[in-house]
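Data block below; observations after.
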Amino acid sequence: MAPTLQFSAASPFSLRDLEHKLRQVHLANPAKSLPSPPSSDSGSSSRSEEEPDYFLRSYSDCLAIYEHPSRSKSESLALLSDEEVILLANHGKIALYALEKLFGMDQLERAVSIRRAIISRSSSTKTLESSNIPYTNYDYSRVLGACCENVVGYIPIPLGVAGPLKVDGKSYPIPMATAEGTLVASTSRGCKALNAGGGVSTVLTADGMTRGPAIDFPSVKLAGKAKAWVDSPEGHAAMKEAFESTSRFAKLKSLKTALAGRTMYIRFTTTTGDAMGMNMISKGTEKALDAMKEQFPEMVVLALSGNYCTDKKPAAINWIEGRGKSVVAEAVVPGDVVKSVLKTTVKDLCNLNVKKNLIGSAMAGSIGGFNAHAANILTAIFLATGQDPAQNVESSQCMTLLEPTNDGQDLLVSVTMPCIEVGTVGGGTVLAAQQGVLEMLGVKGANAQQPGKNAQTLARIIASAVLAGELSLLSALAAGHLIKAHMAHNRSQVNTPASSQPVTPGPIPVRS
Ligand SMILES: CC(C)(COP(=O)([O-])OP(=O)([O-])OC[C@H]1O[C@@H](n2cnc3c(N)ncnc32)[C@H](O)[C@@H]1OP(=O)([O-])[O-])[C@@H](O)C(=O)NCCC(=O)NCCSC(=O)C[C@@](C)(O)CC(=O)[O-]
Ligand SMILES: NC(=O)C1=CN([C@@H]2O[C@H](COP(=O)(O)OP(=O)(O)OC[C@H]3O[C@@H](n4cnc5c(N)ncnc54)[C@H](OP(=O)(O)O)[C@@H]3O)[C@@H](O)[C@H]2O)C=CC1
């Protein structure tokens, strides 16, 4: 079946009109037009030698070139100008999302450029082609088949560096991609205070990604039998063997089972080496369920993800059991540093932490939200290092604890983060800029000696940076400095037009 063009339906004019329009654009602006289409060798093109460079061949000629049986699609597309490719796409001969595949690896940027043009000329998105959305000089070969479909460019985000921060005896710059002014400054202040006390110590208490499929059974009795089998050493061994046949790095640690009526949920927990691991664990889970089905042919796998995982949604199970890397980070900040760097006191900070992060969050019914802004620091580092940004939901769960130490002179601070879901291979970590950031941290790619160590180190760095962010924001709140800081670092002077000034209100009518 011929692929369809999604945007053509919205076009306000017919394809014939469009073809005519394209010819006019070319004739009116040949300099801007692409170079002449090379000779087709097809024998079917009506273009003569005398015709000008910017000549746009007819649809049927373009089609004959494109569908020439002795050439690959990418060879044929190389013989067509961009406008001719657009013509074919607008006739439904080329799917918008298939451009890269058809063009081949050496014409990826051209594919993106043509997609922008096609989308721009549809009715509702005219500005894309001439927009500030960048698309040149990007390594799309890393994106293809891995990171994004239907690509029209990329979105640059400012990258700042906080710190350095001493974590387990080693100094790291803290990379943060963010558009929230003050965040890097605040985290840097926290790093300064933490370093003054000797830096941060971390412990990794668990490492295990999870996937929780939902499986239906025809009766509760059979569901119960299946649960008992999965819980048995025999069942566990069979599932583990099948699971681990799918990856060199995924190792099954546990299977937690639960029934809801006739539906069974299994929470697979596995180590995933240096990968965050969701593709890996999903692949293994599918294979393990095949092994289970050999024992229970009546079972119906409703979904590989039955939300018992729980991925990208708030859930108490993650907060209680952990998901990804579970890290606790701790430090002692000398009392004089609390005064000179953080501009507050140990007593005020401890009191605020209890009232805000513990009692305030309890009053709000929070699950895992016993912190001030762990999500701010974690998400900025996620974006900078190519993590899956949607996993900030559970990864940001954090309990911040503060207490006086050394006879009340100094401050003991910690963050407990049970679900830091990060990798240094796979996903967005393959992109060049994100790899550059991972390299700066010394955790790029797979750890050759100890698979998993790079991802674990990244999780420790993130927890430590969160500790810095917590300390600084709590201090600003305790000292009443929050708004002063945001007006200085977080209020754009460029994009606040005069028209956004409020109109002076008239007199308020008084009702008699
Ligand atoms: C991948 C599809 C769409 C294939 O689905 P398909 O039905 O095999 O695709 P198709 O080839 O028949 O094409 C159907 C349409 O899909 C689109 N389409 C098809 N291919 C492309 C492409 N390359 N680029 C852009 N669009 C594409 C396109 O609109 C196309 O129509 P056409 O234009 O051809 O008439 C389908 O299998 C799918 O939607 N899978 C789901 C994947 C998904 O949603 N992943 C989300 C990430 S998972 C996660 O992060 C969270 C999780 C899972 O853990 C949460 C949880 O716990 O549930
Ligand atoms: N499928 C899903 O349901 C979901 C997918 N995602 C997406 O999944 C992607 C990430 O999946 P993920 O499984 O992390 O990555 P990948 O799918 O890229 O898998 C990692 C690959 O790297 C290989 N590898 C090489 N060296 C190592 C090493 N030291 N440690 C671990 N793996 C190594 C693995 O080998 P081997 O083949 O031997 O395992 C595997 O092929 C992201 O794009 C994310 O957005 C997110 C949520 C859900």
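Taken together, the values in this text are just the output of simple stated rules run on the coordinates, not laboratory data. All figures in this text were calculated on a predicted structure; none of them were measured in a lab. Don't worry about glycine lacking a Cβ; one is built from the backbone with ideal geometry, like all the others, and counts go over all protein chains shown.
Per-residue packing, averaged as other Cβ atoms within 10 Å, sorts the ranges 66-77, 273-284, 417-428 into the order 417-428, 273-284, 66-77, beginning with the highest. For Ile508, Ile114, Ile65, the sequence from fewest to most other C-beta atoms within 10 Å is Ile508, Ile114, Ile65. The calculated pair-distance distribution of the range 288-350 uses every alpha carbon pair, bins of 10 angstrom beginning at 0, and gives 15, 22, 19, 20, 8, 10, 6 percent.
Working from the Cα coordinates of the range 213-303, the gyration tensor eigenvalues give, after taking √(5λ), semi-axes of 23, 12, 11 Å in decreasing order.
Arranged by the count of other C-beta atoms within 10 angstrom, fewest first, what order do His91, His373, His489 take? Intermediate results must be reported in sequence, preceding the final value.
Values: His91 18, His373 21, His489 14.
Sorted ascending by nearby Cβ count, the order is His489, His91, His373.
So what's the back-of-envelope 222 nm ellipticity for the chain, counting only DSSP H runs of four-plus at -39500 (n - 2.57) apiece and dividing by all residues, rounded to 500?
Details: 18 runs with 192 residues, N = 512.
-11000 deg cm²/dmol, from helical runs alone.
Partners of Lys347 within straight-line reach, counting lysines whose Cα lies under 26 Å from its Cα and excluding those fewer than 8 residues away in the same chain: Lys166, Lys192, Lys339, Lys355, Lys356, Lys484.
For the chain, the Stokes-Einstein estimate of translational diffusion at 37 °C and a viscosity of 0.692 mPa s comes to 121 µm²/s, using the Kirkwood hydrodynamic radius over alpha-carbon pairs. Rg and Dmax of the range 157-250, both derived from C-alpha coordinates alone, stand at 23.5, 63 Å.
Please label the shape of the range 287-420 as rounded, prolate or oblate, based on the square roots a ≥ b ≥ c of the eigenvalues of the alpha-carbon gyration tensor (a/c under 1.5 means rounded; beyond that, a/b larger than b/c means prolate, else oblate).
Values: a/c = 3.07, a/b = 2.64, b/c = 1.16.
Note, shape of the range 287-420 comes out prolate.
Antiparallel versus total DSSP beta bridges in the chain: what percent is that, nearest 5? Intermediate values should be presented prior to the final figure.
Values: 47 of 51 bridges.
Beta bridges within the chain, antiparallel portion: roughly 90 percent.
Pull out a ≥ b ≥ c, the square roots of the eigenvalues of the alpha-carbon gyration tensor of the range 91-140, then state rounded if a/c is under 1.5, prolate if not and a/b is larger than b/c, and oblate in the remaining case.
On the way: a/c = 3.33, a/b = 1.16, b/c = 2.87.
It is oblate, given that a/c is not under 1.5 and a/b is not larger than b/c.
Here the range 213-303 is treated with +1 on each Lys and Arg Cβ and -1 on each Asp and Glu Cβ, and its dipole about the Cα centre works out to around 220 debye.
Enter the per residue convex hull volume of the range 106-187, computed from alpha-carbon coordinates, in Å³ rounded to the nearest integer. Mind showing how you got there, number by number?
Working: hull volume 11.3 nm³, N = 82.
It comes to 137 Å³ per residue, whole-number rounded.
Residues whose amide H falls under 5 Å from that of Thr257, counting only those 5 or more places apart or on a different chain, are Arg267, with hydrogens built in the peptide plane.
Which helices, counted as full DSSP H runs in the chain, have an axial Cα extent of no less than 15 Å and a Kyte-Doolittle average of -0.5 or above?
Details: long enough: 15-28 (19 Å, -0.61); 108-120 (18 Å, 0.50); 183-196 (20 Å, 0.36); 220-231 (16 Å, 0.09); 233-244 (16 Å, -0.79); 278-295 (26 Å, -0.75); 374-385 (17 Å, 1.81); 453-479 (39 Å, 1.04).
Helices passing the filter in the chain: 108-120, 183-196, 220-231, 374-385, 453-479.
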